Amino acid sequence: MTRPWFATLVAVPLVALSAAASAKEVATLHDAVFGDSACYLTLTDAAGAIVEATATFEVCEAALDHIGRRVSLGYGTGSILAPSCEGDPACQDTVQVDLVTGIAPAP
């Protein structure tokens, strides 16, 4: 049985987040993509693994200035649009997830 395309798209960032959250706070930022419910960062952690992390939209805005650079990341918990909303901004359902809540150039 094949999963619908949207199930794969929603599951990837949430599964990959645990790898990013366990990484050190300094990483190299490769990409920042605005999604329907959050921002998705592609990073290389200190061990050299490429990981994805879910971030706030504010972090995504700031991240655009740091593509290709080493950054310090701060993590916290926040609410994002629930997968059941399927990207509908009028939907009121949310889920609590670990998020990148801060980004700055690494020293």
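The values are calculated or read from the model by the stated rules, or taken from the named source; none is laboratory data. Bear in mind that the values here come from a model prediction, so they are computed numbers and not experimental data. Quick reminder, even Gly has a Cβ in these numbers, built from the backbone with ideal geometry, and neighbours come from all protein chains shown.
Tell me which residues, restricted to segment 43-66, are more than 12 Å from the chain's Cα centre (by Cα) and assigned to a loop (DSSP other than H, G, I, E, B).
45, 46, 47, 48, 49
Restricting to segment 67-96, name every residue that is part of a strand (DSSP E or B) and in contact with a Pro (Cβ under 9 Å, 6 or more places away or on another chain). Explain how you work it out, then say what you get.
Let us first name the residues in segment 67-96 that are part of a strand (DSSP E or B), namely 70-81, 94-96.
Matches in segment 67-96: 70, 71, 72, 81, 95.
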Note on segment 83-105: residues touching a Cys at 6+ places or on another chain (Cβ under 9 Å) and over 17 Å from residue 39 (Cβ atoms) are 84, 91, 92, 93
- Is segment 66-80 home to any residue that is in contact with a helix residue (DSSP H, G or I) (Cβ under 9 Å, 6 or more places away or on another chain) and of a type in the set (S, T, N, Q)? no
Filter segment 12-42 for residues that are in contact with a strand residue (DSSP E or B) (Cβ under 8 Å, 6 or more places away or on another chain), among the β-branched types (Val, Ile, Thr) and farther than 16 Å from residue 104 by Cβ; the one that is modelled with the lowest pLDDT is 12
Going through segment 47-64 in order, the residues found to be surrounded by 12 or more Cβ atoms within 10 Å (Cβ to Cβ) and free of Cβ contacts under 8 Å to residues at least 24 places away in the same chain are 50, 57, 58, 61
